[in-house]
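Single-structure report; data block below.
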Amino acid sequence: MTILYALTTFVAAFLLFLVQPIIAKQLLPWFGGSAAVWTTCLVFFQCMLLAGYFYADWTTRRLTAKRQASVHLGLLGIALVLLPIIPDASWKPGGGDEPGLRILLLLTVTIGLPYFLISTTSPLVQGWFSRSHPGTSPYRLFALSNFASMLALLGYPFLIEPWITTRHQALSWSVGFVAYAFLIGALAWQRLRGCETPLTQNQTTILHDLAADTPPPSARDKLTWIALSGLAAVFLLAISNHLTQNISSIPLMWVFPLALYLLTFILCFDAKGSGQGWYSRKWFLPMLAVILCAMSWTLADNDFEYRLYWQVGVFAVGLFVACMFCHGELAAMKPHSRYLTTYYLMISIGGALGAILVGVIAPLMLPAYYELQLCISAMAALATLLLWRQVHMLVIFIGVAITLFTAAAGWHAASEFRKDVIVMTRNFYGTLRVRETPQPTMEYRRRTLIHGAISHGDQYMWSPINRDPTTYYKEKSGIGRILLLLKSQHPEIPRRVGIIGLGTGTIAAYGSKGDVFRFYEINPDVVTIARRDFTYLKDSEAKIEIALGDARLNLEREPAQGFDVLAIDAFSSDAIPMHLITREAMEIYEKHLNATGVIAFHVSNRYLDLKPVVSAIAESRGLNVAWVRETYNDGGTRSDWILLAKDKSLLSKPEIVEGTRVIPPMPKRRVWTDDFNNLLQALQ
């Protein structure tokens, strides 16, 4: 029986966290590859975990053992009917849908009941265990469940994602749920039939005496549990946001912070009795003070903004130490097992509140991603408050000083972020800023559109030169060369050009009378800013069309457009939309080209080398490839464009060849598809 309890706990926890990257990766292409997809999923997971813990607590306190088992078996039967966990294509969003709410509804319909039932397992099984094994601590089952969860998370990006297609991942998880249902069903069936090993008189006496001598947790205890678990959850989501937006929204960047978060639970709760595992206040309190200052300094100093390994290292260590403090203090306050389900309920309330604060309230209340700076200061303040009467006053003084330092650093970081900014807006897809660079003379004044930390185009505001294309789109760039070549060859024939990604609308500067330039843009705020704060669109001689919504979904629904050029300009930022760079996506692009049309991929990127990826897809589709790099020795922005065409003659023209370079040979890699893509291969 002990083995059955442990095995059920392990399998449930493994499936509980394995499903998170599996389902999120299925949804990512439908919502533009946005980093907010994972944050929204985490809000759902934390809230569903709260619902599961509430169910476990309520049924344990209010229902008899047999009635509780009957209800659970009935819900398991319904959940099995809802398998497999593959989202229905009817949930794909249109251009005007609210993505956050749609994701939450989709998750509820697709995995709601199975996930809910698995989330009940840890407190439910521990409650059953404590009643059948009085005097034996059930908290090591909690550590076991977190260990299984961490194995699932770390195994996904290295052992599952590189080898198993997304659809087969979902089907395999559904098979695993059937196995879980058998295990938990066996435990529930034993309770239903009253087949548990009856307690001896001595065990009954032990239970009665321990319960009588243990007072129930106070309101202050419950609030402290909520605060500690909530702040740990805020740290998890805030740092996950920071990493996915500044590196990339890929499963590795999702599961790595979550695995660290779970590791702290394992280390803190892997102890017998009332201990707190590997946590020691005298060691982790100084470490917390140092790392909070280091994280604040990193956010405030612009020199660290583009140091990938420094960012990952500092915030990974910061997440681990902060969560060790929160979960270590939680473990030190563990109640008697009689109040176990209430204890876990308070922890889950804190986790859900933390997720809602970062995933729902912060985007509505804060104009930019300030929540990480705020939670660093909140952590310093909470640690100081909790230890107010327990440690030497010198320690309290240091805590107050660190709180003030982190708050000042956060204020400085926010001030630098807003420097020279005339427009700032935030929505599901991130924070947009329009920065106007002040210059002593009017002809050098310019505006830049920035998404996160990445420039998405700029424009000189002086009228003689405000129509000139800048940054990645100058005349010597890949897109500039191909558009000018088509115009010079047949000036009398209007061109039809498609562009995925609007930015400031710089490419519209190449438009001539009679041309049609059709932009595909998922973020409505980008459209507003491009039209209001920049003039490329309204000054263009071409007819401008804008299709709002995910570009690939729009192209799937539209009739063939007959583009002369289709530019895919969505990969210069760090969180790239993977669904736009697969073999199936290329097939869609080809459908919208005319007989001599060209596909132009903009692959300039700080951290990712996408040239071999595009080249491999092109080879699988029988397309000719030309890599055009412009270094702009005059001080402009370096750009990399990959031009693809069925007709080799256009790419052989001198205007293209003079800017073409050879793509370095790379080891044979698997072609990216909708079912298989691995961004780790592209890290440079």
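What follows draws every value from the coordinates through simple rules; no lab data is involved. Being a predicted model, the structure only gives us computed values, none of them experimental. All Cβ positions, even for glycine, are placed from backbone atoms using ideal geometry, and neighbour counts span all protein chains on display.
Can you tell me the relative contact order of segment 469-682? Whole percent, Cα pairs under 8 Å, sequence separation 6 or more. List each step's numbers first, then the result.
Numbers: 409 pairs, mean separation 43.8, N = 214.
That works out to 20 percent.
Along the charge dipole of segment 469-682, Cβ charges K/R +1 and D/E -1, which of 651, 597, 520 sits furthest on the positive end?
651
Translational diffusion coefficient of segment 364-430 at 37 °C, 0.692 mPa s, Stokes-Einstein with Kirkwood Rh over Cα pairs, in µm²/s as a whole number.
The estimated diffusion coefficient comes to 241 µm²/s.
Fewest Cβ neighbours within 10 Å first, please rank 655, 98 accordingly.
Going from sparsest to densest Cβ surroundings: 98, 655.
Averaging the inverse of every distinct alpha carbon separation and then flipping it gives the Kirkwood radius. What is it for the chain, in angstrom units? Working shown, then result.
Details: mean 1/r = 0.0366 Å⁻¹.
Roughly 27.3 Å, rounded to one decimal.
Between residue 3 and residue 223, what FRET efficiency follows from the Cβ-Cβ distance if R0 is 25 Å, with the result rounded to 0.05? Spell out each step's value before the answer.
On the way: r = 38 Å, r/R0 = 1.51.
The calculated FRET efficiency here is 0.10.
Could you give the dipole magnitude of the chain about its Cα centre, charging the beta-carbon of Lys and Arg +1 and that of Asp and Glu -1, in debye to the nearest 20?
Dipole of the chain, to the nearest 20 debye: 1080 debye.
Restrict the search to segment 284-331; then list the chymotrypsin sites (Phe, Trp or Tyr not before Pro) that DSSP places in a loop and that have at most 16 other Cβ atoms within 10 Å of their Cβ. Mind showing how you got there, number by number?
On the way: sites: 284, 297, 304, 306, 309, 310, 315, 320, 325; in loops: 306.
Sites meeting the loop and neighbour criteria: 306.
For helix 219-246, what angle does its Cα long axis make with the longest principal axis of the chain, in degrees from 0 to 90 and rounded to 10?
20 degrees
Please tell me the relative contact order of segment 286-370 in percent, rounded to the nearest whole number, where contacts are Cα pairs under 8 Å and at least six residues apart.
22 percent
Which residue, chosen from 493, 128, 378, occupies the Cα position most advanced towards the positive end of the dipole of the chain, where the dipole is computed from +1 (Lys, Arg) and -1 (Asp, Glu) charges on Cβ about the Cα centre?
128
Could you tell me the relative contact order of the chain? Use alpha-carbon pairs under 8 Å, at least six residues apart, and round to a whole percent.
Working: 1158 pairs, mean separation 92.7, N = 684.
Relative contact order, the chain: 14 percent.
What shape does segment 536-579 take by its C-alpha gyration tensor, where a ≥ b ≥ c are the square roots of the eigenvalues and a/c under 1.5 counts as rounded, a/b above b/c as prolate, and the rest as oblate?
On the way: a/c = 1.98, a/b = 1.23, b/c = 1.61.
Oblate, since a/c reaches 1.5 and b/c is not below a/b.
Run the numbers for residue 662 and residue 436: contour at 0.36 nm per residue of separation, minus the present Cα-Cα distance, in nm.
On the way: separation 226, 0.36 × 226 = 81.36 nm, distance 3.76 nm.
Stretched out fully, the residue 662 to residue 436 stretch lengthens by 77.6 nm.
Would you mind telling me the antiparallel percentage of the DSSP bridges in the chain, rounded to 5?
Working: 32 of 52 bridges.
In the chain, approximately 60 percent of DSSP beta bridges are antiparallel ones.
Cβ neighbours within 10 Å, averaged per peptide: list 459-468, 368-377 in order, most packed at the top.
Details: 459-468: 15.7, 368-377: 22.4.
Packing proxy ranking, top to bottom: 368-377, 459-468.
Cα gyration tensor of segment 423-488, axes a ≥ b ≥ c as square roots of the eigenvalues: rounded (a/c below 1.5), prolate (a/b > b/c) or oblate? Don't jump to the answer; show the numbers that get you there.
Details: a/c = 3.08, a/b = 1.31, b/c = 2.35.
Oblate, because a/c is 1.5 or more while a/b does not exceed b/c.
Find how much the distance from residue 415 to residue 89 grows on full extension, using 0.36 nm per residue of separation minus their present alpha carbon separation; answer in nm with one decimal.
Details: separation 326, 0.36 × 326 = 117.36 nm, distance 4.35 nm.
Length difference between fully extended and current span is 113.0 nm.
With runs of 4+ DSSP H residues as the only contributors, calculate the mean residue ellipticity of the chain at 222 nm using -39,500 (n - 2.57) per run, divided by the residue total and rounded to the nearest 500.
-18000 deg cm²/dmol
Stretch residue 360-residue 401 to full length: gain in nm at 0.36 nm per residue minus the Cα-Cα span?
Separation in residues times 0.36 nm, less the Cα-Cα distance, equals 11.7 nm.
Rounding to the nearest 10 and keeping the result within 0 to 90°, find how far the Cα-based axis of helix 99-119 lies from the longest principal axis of the chain.
Approximately 30 degrees, to the nearest ten.
How far is helix 2-27 tilted, in degrees, relative to the longest principal axis of the Cα atoms in the chain, given as a value from 0 to 90 rounded to the nearest 10?
For helix 2-27, the angle is close to 20 degrees.
Roughly how far apart, in whole Å, are the Cα centres of segment 574-645 and segment 449-506?
16 Å
Once you order the gyration tensor axes a ≥ b ≥ c over the Cα atoms, which shape class does segment 469-682 get: rounded for a/c under 1.5, otherwise prolate or oblate by comparing a/b with b/c? Could you put the intermediate results ahead of the total?
Values: a/c = 1.33, a/b = 1.21, b/c = 1.10.
Rounded, since a/c falls under 1.5.
Take each of the peptides 179-185, 479-485, 452-458, average the number of other beta-carbon atoms within 10 Å over its residues, and list them starting from the highest.
So the order, starting with the most tightly packed, is 479-485, 452-458, 179-185.
Ranked highest first by average number of other Cβ atoms within 10 Å, how do 528-539, 598-609 line up?
Numbers: 528-539: 18.8, 598-609: 22.1.
By packing density, highest mean first, the sequence is 598-609, 528-539.
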